[in-house]
């Protein structure tokens, strides 16, 4: 392996400064409620309305401002997300099995009752994120979804975002961003009930707030600054590879950008293409920082080494620009979402195609996948027994508990053995 370009993509979990800032804010927000919410919203977004929650008339007026084509395109995207989420939901089957005579075990999939959805919108109004958390939750059967999205600084809301949130099925819409938004939903501020689960992507402060709030409520996953990794061989088009790398670089100066290639020629040409495209890219002020500080290019000696490097990086988004992608797919184990072949690109997954774009970052893909309908379902087990089965199980349980020294546990089993072994119960 040869490192052609080194970068310093920082994992937000290791950022002590961010953790300290978020911790102080959450303590203040929990103690001082809406006074703290208003203070931070005014400070960071120049936004302090009479009510952060939009009423029905405000939602209607916002949607009226959205161009017809934008509404139709949003409907197209949301239909794809809903169809895929529904197909996923149909795989989540209940289970009931008799493992022994008289012993029935099973599970049910039960939706959480209330979800708080965060739709990012600081640098860009990412209204496409609305369907990614709200639609799967609603398909899962979640009764109430609160949605928060940051204001356009000092001006209010972005109409297309309100349209997307409302069409996705949110029950309440708040114009509020960052840590205060998550606190409002988690703590149940402004007259709202506390949510059972927080969902949605955001910057490092949003991701850190979710991490610190976990336990107070559930979270979908830790989704911080975005990442892309592309595996490319000699057949790849360097202009397309460079374009896709920059497509994620424009998100955030902290975006993770990585190319793994088995072709040194491809690596060199991709670097040239990145610089050429950056020169004319309207968002180069952000993308150039991400590329400069976090761009990494590895030259792998073989497919095996490329696979090992990729699985160690565990990217949020993984694109394959290779001749023989079948040899890669089954051996790739750590990624958020996989884009197979140059015909697909991360932007399709982010905006349009129907898979979810709320995905694990900062190597969290080692242990979790992205948001899907199953994230909003609790798989809860149950058990049912006959008296005869309770006797058989109870005798073993009694002995196991006594071996551990847990006498009270043993007695719960022993009493049942004695009760159901009584002569007047033997016929049952």
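Every number in this text was worked out from the coordinates using simple rules, so none of it is lab data. These numbers were taken from a predicted model, which means no experiment stands behind them. Here the Cβ positions follow ideal geometry from the backbone for every residue, glycine too, while neighbour counts run over all protein chains shown.
Between the Cα long axis of helix 387-404 and the first principal axis of the chain there is an angle of about 70°, rounded to the nearest 10. Listed peptides 368-380, 80-92 appear in the order 368-380, 80-92 once ranked by packing, highest mean of other Cβ atoms within 10 Å at the front. Among 315, 67, 360, the largest mean-square fluctuation in a Gaussian network model of the chain, built with springs joining Cα atoms closer than 10 Å, belongs to 67. Distance between the pseudo-spin-label points of residue 304 and residue 388 (7 Å out from Cα toward the beta carbon): 5.8 nm. When shorter helices are ignored and each DSSP H run of at least 4 residues is given -39500 (n - 2.57), the per-residue value for the chain at 222 nm works out to -14500 deg cm²/dmol. Shape verdict for region 57-113, please, from the Cα gyration tensor: rounded (a/c under 1.5), prolate (a/b greater than b/c) or oblate. Note, shape of region 57-113 comes out oblate.
For the chain, what is the relative contact order in percent, using Cα pairs closer than 8 Å and at least 6 residues apart in sequence? Can you show the working numbers first?
Numbers: 863 pairs, mean separation 84.7, N = 428.
The value is 20 percent.
Placing a label point 7 Å from the Cα of residue 395 along the Cα-to-Cβ direction, the residues of region 407-425 with a backbone N closer than 19 Å are 410-425. The C-alpha atoms of the chain define a longest principal axis, and helix 16-45 lies at about 90 degrees to it.
Taking a ≥ b ≥ c as the square roots of the eigenvalues of the Cα gyration tensor, region 19-97 is oblate, since a/c reaches 1.5 or more and a/b is not larger than b/c. Protection proxy ranking, highest mean first, for peptides 246-252, 141-147, 316-322: 316-322, 246-252, 141-147, where packing is the per-residue count of other beta-carbon atoms within 10 Å, averaged. Each Cα pair under 8 Å and six or more residues apart adds its sequence gap; the mean of these over the residue count of region 179-220 is a relative contact order of 38 percent. The slack between residue 97 and residue 70, meaning 0.36 nm per residue of separation minus the straight C-alpha distance, is 4.8 nm. Each residue in 359, 182 was given a count of other beta-carbon atoms within 10 angstrom of its own, and listing them fewest first yields 359, 182. Placing pseudo-labels 7 Å out from each Cα toward the beta carbon at residue 331 and residue 265 gives an inter-label distance of 2.3 nm. Each Cα pair under 8 Å and six or more residues apart adds its sequence gap; the mean of these over the residue count of region 164-203 is a relative contact order of 23 percent. When Rg and Dmax are taken over the Cα atoms of region 225-369, they come to 13.8, 39 Å. Against the empirical 2.2 N^0.38 Å (N residues), region 386-425 has a Cα radius of gyration ratio of 1.12. With a cut-off of 18 Å on the backbone N, the residues of region 211-225 near the modelled label site 7 Å out from residue 378 along Cα-Cβ are 214-221. Label 7 Å along Cα→Cβ of residue 2; region 276-310 residues with amide nitrogen under 18 Å? Counting only backbone N, you get 296-307, 309. FRET efficiency for the residue 239 to residue 418 pair, using the beta carbon distance and R₀ = 51 Å, is estimated at 0.05. What the Cβ-Cβ distance of residue 216 and residue 402 gives, at R0 = 35 Å and to the nearest 0.05, is a FRET efficiency of 0.35. Helix 178-187 and the longest principal axis of the Cα set of the chain meet at an angle near 20°. Among 76, 382, 367, the largest mean-square fluctuation in a Gaussian network model of the chain (Cα springs under 10 Å) belongs to 382.
Of the peptides 406-412, 21-27, how do they stack up when ordered by the mean number of other Cβ atoms within 10 Å, highest first?
Values: 406-412: 12.7, 21-27: 17.6.
Descending packing order for the listed peptides: 21-27, 406-412.
Can you give the translational diffusion coefficient of the chain in µm²/s, computed by Stokes-Einstein from the Kirkwood radius over Cα pairs at 20 °C and 1.002 mPa s? Once the numbers are plugged in, D ends up at 89 µm²/s. A Gaussian network model of the chain, with springs between Cα atoms under 10 Å, assigns the largest mean-square fluctuation among 303, 212, 383 to 383.
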